[in-house]
């Protein structure tokens, strides 16, 4: 028989049992649709994270941390301790302005700024919120790291303005960000006030009474409203308020943002908790890390962690695939049942075909074509069902997240290999499911079949 004859005969036989064929095909459609949706979700999440890393240039970022911190094992085992003294020829290992200048002079370093966060009260629109204000240069504020919903970045490091996030605006009961730029906001920082401390009050201060602290108020203009990050990933800027370095230097404030900063103090100096380094290209990551480590500092690069992230996505894909395969197994059982029932109904027909010269291979081919036809239809309809279901879920999730200020995200991705693979996989599963029915049909004895009532 020709290929066209096999195809025509297959669809003709399936059409004779329309309801059974429909239910079996629908089972395959559900299985393939579930599998497509789950795989596309895993691929979509991986694509979003990877593209976010690339868009924010996180692959060419390094975080520099102070050296000399010991792990628990190093504290209890002196033989495991690393040297905390600077290498010979180094004058200091404190992460301060001198270290910042040295690192900035390294080849490949495009931008560097310290991790400075100021605890403060933010007063706006009749409400008050506590926040850690992050200090970032104007060059960073105008980069790809910050996306604006309204307004723009401050133009210089000495400008008396700030950038506020859309999420913080909602805390102040403001939903529309457009009219906000240009308005004034009050920042209250905490500063030492030793002049208010009398010699006799020292004991009381140690007990937590009559503390030598005072609130300092500063009025700043809102330059822009920053878009919320789609992913709260490990970016060097994660705050609800950004101010320029020049403005931060004019503010009276505590030299630390948490008690842990005090443990970094060396020779009475605190230094920075971290330095954020941006490189001109990812190829400079390893050379710059080696040079920074030689200075006695610790380094952390997101490029080194991305392989772990990819392995995590691989595990996620395997879990989603296992869940989707449950529906495929159920659908394959439906195909086997349909084809076995077809054999029983067409017992005489099979006997006649074998009596007039049809071989076992011809009989197997007919049933393989019928099962593959079910898989082909189920694959196409399943792909369509998966696409529609994913689109509906994506819109529902984004609808609720939009109320929280999260920008639209496509959580599902349908690359060509997923679409083509779904149809091919559906046909392959149907062919495997048709092995037993085809083998059983080929073993029909024509004499018994012709006698069969």
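The values are calculated or read from the model by the stated rules, or taken from the named source; none is laboratory data. The model shown is predicted, which means the values in this text are computed figures rather than measured ones. Reconstructed Cβ throughout: ideal geometry from the backbone, glycine too, with neighbour counts over all protein chains shown.
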- Which one of these is modelled with pLDDT under 60 and within 36 Å of the chain's Cα centre (by Cα): 224, 233, 246? 233
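Considering only residues that are in contact with a strand residue (DSSP E or B) (Cβ under 7 Å, 6 or more places away or on another chain) and either assigned by TED's automatic domain parsing to the domain that holds residue 144 or surrounded by fewer than 18 Cβ atoms within 10 Å (Cβ to Cβ) (or both), look in region 275-296 and name the one that is nearest to residue 54 (Cα to Cα). Steps first, please.
Initial filter on region 275-296 (in contact with a strand residue (DSSP E or B) (Cβ under 7 Å, 6 or more places away or on another chain)): 275-280, 285, 288-289, 292-293.
The next check asks that each one be either assigned by TED's automatic domain parsing to the domain that holds residue 144 or surrounded by fewer than 18 Cβ atoms within 10 Å (Cβ to Cβ) (or both); those that pass are 280, 293.
Details: 280: 13, 293: 25 Å.
Result: 280.
Only one of 175, 170 is within 23 Å of residue 127 (Cβ to Cβ), modelled with pLDDT under 90, in a loop (DSSP other than H, G, I, E, B) and out of contact with any helix residue (DSSP H, G or I) (no Cβ under 6 Å at 6 or more places or on another chain); which? Full working, then the answer.
On the way: 170 fails: in a loop (DSSP other than H, G, I, E, B).
Result: 175 is the single residue among 175, 170 that is within 23 Å of residue 127 (Cβ to Cβ), modelled with pLDDT under 90, in a loop (DSSP other than H, G, I, E, B) and out of contact with any helix residue (DSSP H, G or I) (no Cβ under 6 Å at 6 or more places or on another chain).
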- Message: Looking only at region 122-161, how many residues end up being touching a helix residue (DSSP H, G or I) at 6+ places or on another chain (Cβ under 9 Å), assigned to a strand (DSSP E or B) and surrounded by 16 or more Cβ atoms within 10 Å (Cβ to Cβ)?
- Response: 8
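Does residue 369 satisfy being within 24 Å of residue 51 (Cβ to Cβ), assigned by TED's automatic domain parsing to the domain that holds residue 432 and not in a loop (DSSP other than H, G, I, E, B)?
Working: within 24 Å of residue 51 (Cβ to Cβ): no; assigned by TED's automatic domain parsing to the domain that holds residue 432: yes; not in a loop (DSSP other than H, G, I, E, B): yes.
Taking the combined requirement at face value, the residue does not satisfy it.
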- Task: Determine which single condition residue 357 fails, assuming it passes every other condition in (1) surrounded by 18 or more Cβ atoms within 10 Å (Cβ to Cβ); (2) farther than 25 Å from residue 22 by Cβ.
- Result: (1)
- Over region 310-344, the set of residues out of contact with any helix residue (DSSP H, G or I) (no Cβ under 6 Å at 6 or more places or on another chain) and surrounded by 14 or more Cβ atoms within 10 Å (Cβ to Cβ) is 321, 325, 337, 341, 342
- Message: Just checking, does region 404-417 include any residue being assigned by TED's automatic domain parsing to the domain that holds residue 339, in a helix (DSSP H, G or I) and either buried (at least 17 other Cβ atoms within 10 Å of the Cβ) or modelled with pLDDT under 85 (or both)?
- Response: no
- Message: Please count how many residues of region 390-403 are assigned to a loop (DSSP other than H, G, I, E, B) and under 16 Å from residue 52 (Cβ atoms).
- Response: 0
- Message: I'd like to check something: does region 346-360 contain any residue that is part of a helix (DSSP H, G or I), closer than 23 Å to residue 427 by Cα and touching a helix residue (DSSP H, G or I) at 6+ places or on another chain (Cβ under 7 Å)?
- Response: yes
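Conditions (1) outside any helix (DSSP H, G or I); (2) modelled with pLDDT under 75; (3) more than 25 Å from residue 387 (Cα to Cα); (4) in contact with a strand residue (DSSP E or B) (Cβ under 7 Å, 6 or more places away or on another chain), marked per residue:
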| residue | (1), (2), (3), (4) |
| --- | --- |
| 1 | yes, yes, yes, no |
| 6 | no, yes, yes, no |
| 30 | no, no, no, no |
| 38 | no, no, no, no |
| 42 | no, no, no, no |
| 47 | no, no, no, no |
- Note on the structure: For region 297-309, the count of residues that are assigned to a helix (DSSP H, G or I), over 14 Å from the mean Cα position of the chain (by Cα) and surrounded by 15 or more Cβ atoms within 10 Å (Cβ to Cβ) equals 1
- Item | Conditions (1) closer than 19 Å to residue 290 by Cβ; (2) in a loop (DSSP other than H, G, I, E, B); number of the one not met by residue 102 | (2)
